[in-house]
Every structure is written in structure tokens, then in C-alpha cells.
Amino acid sequence: AAALRGSISRGALFRTLQTTLQPKVPVRCLNLLEYQSKVLLDNHGVTVQKFRILDSHKNATEASKTLNAAEYVVKAQILAGGRGKGHFDNGFQGGVHLTKDCNEVAYLVEKMVGHKLITKQTPKDGILVSKVMVAESVDILRETYFCILMDREHNGPVMIASPDGGMDIEEVAEKTPERLLTQPIDIHEGITDDMALKVADFLKFEGPLREKCAKEVKGIWKMFLGVDATQIEINPLIETPQGQVVAVDAKIQFDDNAEFRQKDIFALEDSSESDPREVDAASHDLTYIGMDGNIGCLVNGAGLAMATMDIIKLHGGSPANFLDLGGGVQEHQVEHAVRILTSDDSVKALFVNIFGGIVNTATIASGLVKVLKDRDIKIPLVVRLEGTNVEEAKRILIESGCPIQSASDLDEGAKKAVAAIS
């Protein structure tokens, strides 16, 4: 949508669009830090590097000695990429370092913990590093790619493998599709020994490594089921000169609907890098996205959010944020939504644009009236309601006596919101 260009990340937009598939509960897209993913892999029998997690330099030397490694890799733990080429607010260069001296590990950790790491993927002020992973550095003889994911086209899980690891897999699929193996998995039968060995052969693991690779494949499948994953991507799955098969890096996505079964995993979520308003909204089963304009948008459904922001831009305005109520909204959620939207000092007007199908517009109206009476909201409020029980909703707004500008359609509402500021 035109309104979003330059204002919203592709990831945030994707998360919001996914909300339309689950109208009652927004998609959280849980992200884990690198060390958290490695713990899950290790717990399910997948071979990873030996590592330690440090939140201070004080015991770094002793902790690294326990790894008994010839070389150590020291990595700042944040969710953003590009750590190796980043720099810290104290002038220290690089969020990833190699050293053979365990005594130097303490120095590196001291330079990282408690300081903000700035990369191409972080905010300009960087992200505070609270943990550092010290891992055994592994020699890489060869890199391969392996992934298990839920695939709509196959109506279930599939394995994807390529001997070209460490690369953009989309590029491999486009330029050399013959280097990509796609194998559907019967959810009842699972990954058989023959299937796992077929993957090992395709990835060119030979001799004793063939069986080791097959074991890793079956371990990843066991984890896929055990943690209710929708995707586990190992890139790269490496071969070492010492004859080991090791999962060096992993990206894991989880099924939101399985949160009730995976409470321990979802409790790992690190919200310190998120916009506090996004976290606040998620705690009330709402989806909030901040931007850089001055008109707040309260909507239901991602498609309506895009249309609302586009028409605001069309009439010369600029959206400051939007909050998607979803389809199963209750009155108390409307109150929280208005509070979150107006907590942004840049919001100079609020445009409520609701098309009620699943949503009862009278519920929206009652929530708006309650929050306006309970809170001192001094910015203009423009409301357009349409759909289920709309006549009752309009009656509630009119009889409330609250300072609300009503609009009969989306175009009129957007014009009034823009005019309220200018």
C-alpha cells in the first residue's frame, strides 16, 4: 500500500496481513535469539556447537575454558542481522569475534554486554546487548541446506534440501532448481530411514557421514513435531574436517495456535527489542504498528487498514500508526486500543474506521464512549462505522454527547481527519 512505503518494514506488514487469517487472535511471529534456538536443537538431539551464555565478563574466562575449544566465537545476542559488521555505541567494532585465547573472551564480552549494537537492521541508536554467546568455533569443510516447513501446496509438511548451503535458497531455486530436493512428509508416517538417507545422499554426505546426516534429519523432524513448529530452517548444515555434521544456524517459526502447549517456549520471547506499544497491544490480543505521521487509525482487518491509510495519504494526510482490532473484539479491548493509539505524542487526530461483519459495531461504539468519558482525550476523533448493528452504534454515539465527528463513508472520514489537523 502506498501509505506504507518508507514507513513500515516488510516483516511488520507481513505480520499484519497474517492477522486477516486469524481474526480473533493476531499472529505474534515469535522470534528466538540464536542461543535459544541452539538450546532447543540440542534438547532434541540435533548436533550443535558447544556454547555458553554470559551476561557479564566476570566469569567469561572460566566459562570458555569449559568448552575445551581450539578457537572461540563470541557473538552478541540480538534479533537483528548483520552483527559481524556492526559497531557498538562505545566505539567497539563488530558483534561477532573469533579468538583462540580464552582470556580475551572476557575482554570481548565486557565490550559488548551493556552496550548498544548498531547494524543495518537495528534502529539508528542500536539495540542493547544483555547476553553474549561464547561457542566452540567449528571448521567448515562444506555447507548444505536443510529445512522442514508446513507447505500449503502440499497440504502438510515438506523437507527441502540443497547441497548449496550458506546461500539464499530462493536464489538457488530460481537459478539451479535441480539443486533443490522437495520431499512431502506423511504426517502419520513421518520421516522414514529411507527418506532421511535420501536427503543425506542428495546433500552428498558419504561414508559414515551418510548415517550421521540421516540422524540429524530425523532429529530435526522430532523437534518439528515436539515444539509445534511451522518451519525449522538449518542454513548451513555443515560437514567438518573432523567428520561431524553440525547445525550451525537455525531459524525457527512456531504455530501461534499451539501456545497453550508450548508455554515454556513462548515464555522465552524477548520483547525488549520491540516497540512497547506493540507489546502492550499484543497483551490484549491486538495488533499495533507505529509509523511516522500524525493521524492515528483504529480499524478491523489488515485490508481495511491498508485502504484507510492509503486514502488518508490521498487527501494529504499521514498515518501515525494503526491498530487492528481483529474480528472478535470486546468493549474493553476498544478502550485499550484508544489508550495505546493516543499514547503516541505525534498523534494529532484519531480516525476510527470499522466495517463490521464479525464485529458488532455497537460494541465498538460503547467502548469508544466509555474511554472518552474515562480519559481526557483532547485530540479530534472522527468515527465511521458500517455493518452489523450500525444503527444501534450510531444511536450510542449520538446520545453519548461525546465530541465525536461522524462520517458516512471512508472518503468523508479521511477528509475530516485530515481537516481536523490542518
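Just a few scattered comments:
- Residue match in segment 383-394 (condition: among the small types (Gly, Ala, Ser), free of Cβ contacts under 8 Å to residues at least 24 places away in the same chain and surrounded by fewer than 19 Cβ atoms within 10 Å (Cβ to Cβ)): no
- Going through (1) within 20 Å of Thr230 (Cβ to Cβ); (2) under 22 Å from the mean Cα position of the chain (by Cα) one by one, Met167 falls short only on (1).
- Scanning segment 153-162 for residues that are more than 17 Å from Leu225 (Cα to Cα) and surrounded by fewer than 17 Cβ atoms within 10 Å (Cβ to Cβ) yields Glu153, His154.
- Residues (at pLDDT below 65 and open to solvent by less than 70 Å² (accessible area, probe 1.4 Å)) located in segment 267-278: Asp270, Ser271, Glu273, Ser274, Asp275
- Evaluation of Leu323 against (1) in contact (Cβ under 8 Å) with a residue 40 or more places away in the chain; (2) surrounded by fewer than 18 Cβ atoms within 10 Å (Cβ to Cβ) (one fails), failing number: (2)
- Residue check, Thr287 at pLDDT 90 or above, of a type outside the set (A, V, I, L, M), under 30 Å from Leu325 (Cα atoms) and surrounded by 16 or more Cβ atoms within 10 Å (Cβ to Cβ): no
- Contact map, segment 176-205: residues that are touching a residue at least 24 places away in the same chain (Cβ under 8 Å) paired with residues that are among the acidic types (Asp, Glu) and open to solvent by less than 60 Å² (accessible area, probe 1.4 Å), Cβ distance under 7 Å, separation 6+ or inter-chain. Pairs shown: Phe205/Glu239.
- Search result, residues across segment 336-366 that are open to solvent by 40 Å² or more (accessible area, probe 1.4 Å) and in contact with a Lys or Arg (Cβ under 8 Å, 6 or more places away or on another chain): Arg339, Ser343
- Per the listing Ile185, Ile160, Ile234, the residue uniquely touching a Cys at 6+ places or on another chain (Cβ under 6 Å) and among the aliphatic types (A, V, I, L, M) is Ile160.
- The residues of segment 193-226 that are assigned to a loop (DSSP other than H, G, I, E, B) and open to solvent by less than 40 Å² (accessible area, probe 1.4 Å), listed by number, are Leu203, Phe205.
- Scanning segment 305-314 for residues that are touching a strand residue (DSSP E or B) at 6+ places or on another chain (Cβ under 6 Å) and not polar (S, T, N, Q) yields Ala305, Met309, Ile312.
- In segment 213-228, of all residues being in contact with a strand residue (DSSP E or B) (Cβ under 7 Å, 6 or more places away or on another chain) and free of Cβ contacts under 8 Å to residues at least 60 places away in the same chain, the one that is nearest to Leu181 (Cα to Cα) corresponds to Cys213.
- Within segment 163-178, if we keep just the residues that are among the aliphatic types (A, V, I, L, M) and touching a Lys or Arg at 6+ places or on another chain (Cβ under 9 Å), the residue that is surrounded by the fewest Cβ atoms within 10 Å (Cβ to Cβ) turns out to be Ala173.
The values are calculated or read from the model by the stated rules, or taken from the named source; none is laboratory data. No experiment lies behind these values; they were computed from the predicted model shown. Here Cβ is always computed from backbone atoms with ideal geometry, including for glycine, and neighbour counts include all displayed protein chains. The accessibility values were calculated without ligands, DNA or RNA, using every heavy atom of the protein model including side chains. Shrake-Rupley method; radii C 1.70, N 1.55, O 1.52, S 1.80 Å.
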